[in-house]
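Here's the structure we're looking at; comments come further down.
The values are calculated or read from the model by the stated rules, or taken from the named source; none is laboratory data. In this text the structure is predicted, and so the values were computed from the model without any measurement. Note that we place each Cβ from the backbone using ideal geometry, even for glycine, and neighbour counts take in every protein chain shown.
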Amino acid sequence: MQKSIKHTLAIAFSAAIIFLAANVSSATEPTQPTTVAPPVPHCQVPCGIYTDQLRFQQMLEDTKTIAKAITSVKTMTQEIKDGQISPTSVNQMTRWINTKEDHASQIQKTIADYFLTQRIKESNKDYTSQLVTAHKVMVAAMKCKQDAKPETAETLKKAIFDLYRAYEGKEPNFEHTDK
């Protein structure tokens with residue numbers, strides 16, 4: 001209980017300092033008209049740092065990691081069939097499975113926290129297809145967690161490209177990425 005009160009107070013204190021700093025700087029600087037476009041939020045604060053293209057590239061990189069994890073697990077399960085499994089192999093297999101899970105979760109988080117809550121809006125002309133394809137990415141990521149078949153990673157990659165098409169309205173063009 002004591003720890004949560006301290007945490008809440010720390011957050012409130014930080015917010016107060018930020019508020020005061022913003023008011024002090026604006027009060028001491030001359031007011032000038034601004035032509036800066038409003039920032040696009042990504043993490044529920046309007047910092048304007050993240051870009052859609054980068055989110056897609058990160059999800060594709062996560063998918064490559066998932067595919068590599070699946071291949072590595074498959075190789076290690078062959079050792080089990082041959083009766084040559086070592087504690088190190090068990091450890092490595094566990095790490096690859098955890099990596100696969102983490103990267104699939106990261107894709108789901110990107111879809112939920114970035115695209116669904118902030119970028120896909122009801123006012124978009126392709127709103128329904130964007131929602132459907134975003135959902136397909138999340139389901140494909142879930143299936144990558146549930147299974148260790150290479151097809152699951154391919155399905156996930158295809159779903160990401162389909163979301164890109166629905167979201168951007170054009171064919172994906174990423175360097176070093178197979179379509």
Scan D82, D62 and give me the residue that is farther than 15 Å from Y164 by Cβ and among the acidic types (D, E). D82
Return the residue satisfying two criteria in turn: it lies in the stretch 70-98 and is part of a helix (DSSP H, G or I) and among the small types (G, A, S), and of such residues it is nearest to L156 (Cα to Cα). S72
Among the residues of the stretch 154-171, is there at least one that is exposed (fewer than 13 other Cβ atoms within 10 Å of the Cβ), part of a loop (DSSP other than H, G, I, E, B) and free of Cβ contacts under 8 Å to residues at least 40 places away in the same chain? yes
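Okay, residues lined up against (1) outside the structural domain of K64 (by TED's automatic domain parsing); (2) at pLDDT 95 or above; (3) within 21 Å of L60 (Cβ to Cβ); (4) surrounded by fewer than 20 Cβ atoms within 10 Å (Cβ to Cβ):
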| residue | (1), (2), (3), (4) |
| --- | --- |
| N98 | no, yes, yes, yes |
| E101 | no, yes, yes, yes |
| Y114 | no, no, yes, no |
| A134 | no, yes, yes, no |
| V139 | no, yes, yes, yes |
Scanning the stretch 99-144 for residues that are in contact (Cβ under 8 Å) with a residue 12 or more places away in the chain and outside any helix (DSSP H, G or I), the one nearest to Y50 (Cα to Cα) turns out to be I120
